[in-house]
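The values are calculated or read from the model by the stated rules, or taken from the named source; none is laboratory data. Computed from a predicted model, the values in this text were never measured in an experiment. Because the Cβ atoms are built from the backbone with ideal geometry, glycine has one as well, and the counts that use them run over all protein chains shown. Note: accessible area is taken over every heavy atom of the protein model, side chains too, but ligands, DNA and RNA are not part of it. Shrake-Rupley method; radii C 1.70, N 1.55, O 1.52, S 1.80 Å.
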Amino acid sequence: MPELPEVEVVRRGLERWVAHRTVAEVEVLHPRSVRRHLAGGDDFAHRLKGQRIGTPSRRGKYLWIPVDTTGTAILAHLGMSGQLLVQPHQSPDEKHLRIRVRFDDALATELRFVDQRTFGGLSLHETAPDGLPDVIAHIARDPFDPLFDDEAFHQALRRKRTTIKRALLDQSLISGVGNIYADEALWRSRIHYERPTAGFTRPRTAELLGHIRDVMNAALAVGGTSFDSLYVNVNGESGYFDRSLDAYGREGEPCRRCTTPLRRRPWMNRSSYFCPSCQRAPRVSS
DNA sequence: ATTCAGTCCTGAAAGC
DNA sequence: TGCTTTCAGGACTGAA
């Protein structure tokens, strides 16, 4: 489940292996993987052919590669199971290969978008003067963006009538945080996922942001998180951070702070993992 | 305006 | 054994 650290690992791989190459041909093998490209797969392939691509950027879980001189960029989202692989031409096609990009050079490698569940995809979009693809203008800066505004984030939390985990997953407030790192950062902060944001104090917001940055930095340091081999980075290597998780996926296992068994609660069609002792539920709900 | 449930998808694992 | 059900969940859509 790629979140910010995993996407950043992919971005770095793309920067190393495909930046500044010229596209020879694009093959779209599944229409759903280009569904955000409204003109369709043929148009996507045609527009990229012969174009030189630039250095990849990232905001939250989105990454994009500018297409030189066109004012557009290839936007990528990995969804749940997407991978961007750089593979030798002769490497056999992956079972869930959705898009292939061949290059006009002698490196003998191609870029492949592989995605079992097809929640992710590639598309081409116009870019704003700052380079941001227009369709992700609503995505907030992520906590590693130098222009992320901690104070503005705090004030936004205070204004909302929602609970903290919903807010963390709201990509228009803060981007890059998904279910896993939300649970991890809340555990580190000893905050229950249903705590209302309206009552957050400035120190509490600051501590939470600090833990979000810490846990994501730790994941980045080991190359991302992997649970079931669905996530592989651009060089085909899995991350190992899952062994370091303190909350996510640890139902019934002892809290590493207080030994209380962790709990799992169904939450918004997914799960929340927490320590019932360290992370006390707010007094009343609704 | 804001919040929130429903929807998409595949395959592993659990249930019967 | 083999079929059916459940679960994983990011982000968009449209309803309340």
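Got a sec? Which strands (runs of 3 or more DSSP E) wholly within segment A:21-105 have at least 1 residues that are modelled with pLDDT of 95 or more, in contact with a His (Cβ under 8 Å, 6 or more places away or on another chain) and among the charged types (D, E, K, R)?
A:97-103
For segment A:179-210, enumerate the residues that are surrounded by fewer than 22 Cβ atoms within 10 Å (Cβ to Cβ) and closer than 15 Å to A:Phe241 by Cβ.
Across segment A:179-210, the qualifying residues are A:Asn179, A:Arg188.
Among A:Thr127, A:Thr118, which is touching a strand residue (DSSP E or B) at 6+ places or on another chain (Cβ under 9 Å) and at pLDDT below 95? Steps first, please.
On the way: A:Thr127 fails: at pLDDT below 95.
Only one candidate qualifies: A:Thr118.
Going residue by residue through segment A:89-103, is there one that turns out to be of a type outside the set (Phe, Trp, Tyr), closer than 30 Å to A:Asp246 by Cα and within 14 Å of DNA strand C (Cβ to nearest atom)?
Among the residues of segment A:89-103, not one is of a type outside the set (Phe, Trp, Tyr), closer than 30 Å to A:Asp246 by Cα and within 14 Å of DNA strand C (Cβ to nearest atom), which makes the answer no.
Kindly indicate whether any position in segment A:90-105 is crowded, with 20+ Cβ neighbours inside 10 Å and under 30 Å from A:Asp170 (Cβ atoms).
yes
Mind listing whichever residues of segment A:44-81 are free of Cβ contacts under 8 Å to residues at least 24 places away in the same chain and more than 13 Å from A:Thr127 (Cβ to Cβ)?
Once the filter is applied, which keeps residues that are free of Cβ contacts under 8 Å to residues at least 24 places away in the same chain and more than 13 Å from A:Thr127 (Cβ to Cβ), segment A:44-81 yields A:Ala45, A:His46.
Of A:Val7, A:Val34, A:Val26, which residue is of a type in the set (A, V, I, L, M), crowded, with 22+ Cβ neighbours inside 10 Å and more than 16 Å from DNA strand C (Cβ to nearest atom)?
A:Val26
Just the residues that are assigned to a strand (DSSP E or B), over 24 Å from A:Gly71 (Cα atoms) and touching a helix residue (DSSP H, G or I) at 6+ places or on another chain (Cβ under 7 Å), please, taken from segment A:110-125.
A:Asp115
Can you name every residue in segment A:117-133 that is within 15 Å of DNA strand C (Cβ to nearest atom) and open to solvent by 80 Å² or more (accessible area, probe 1.4 Å)?
Once the filter is applied, which keeps residues that are within 15 Å of DNA strand C (Cβ to nearest atom) and open to solvent by 80 Å² or more (accessible area, probe 1.4 Å), segment A:117-133 yields A:Arg117, A:Phe119.
Among the numbered criteria (1) in contact with a helix residue (DSSP H, G or I) (Cβ under 9 Å, 6 or more places away or on another chain); (2) within 16 Å of DNA strand C (Cβ to nearest atom), which one does A:Thr55 miss?
Against the list (1) in contact with a helix residue (DSSP H, G or I) (Cβ under 9 Å, 6 or more places away or on another chain); (2) within 16 Å of DNA strand C (Cβ to nearest atom), A:Thr55 comes up short only on (2).
Can you name every residue in segment A:136-161 that is more than 12 Å from DNA strand C (Cβ to nearest atom) and in contact with a Ser or Thr (Cβ under 6 Å, 6 or more places away or on another chain)?
Correct list: A:His154, A:Leu157, A:Lys160.
Does A:Val101 count as away from DNA strand B (no atom under 14 Å from the Cβ), in contact with an Asp or Glu (Cβ under 7 Å, 6 or more places away or on another chain), on the phi < 0 side of the Ramachandran plot and in contact (Cβ under 8 Å) with a residue 40 or more places away in the chain?
yes
Which residues, counting only those in segment A:266-278, are assigned to a strand (DSSP E or B) and modelled with pLDDT of 90 or more? Spell out the reasoning first.
Our first condition is that a residue be assigned to a strand (DSSP E or B); within segment A:266-278, this holds for A:266-267, A:270-274.
The answer is A:Ser271, A:Ser272, A:Tyr273, A:Phe274.
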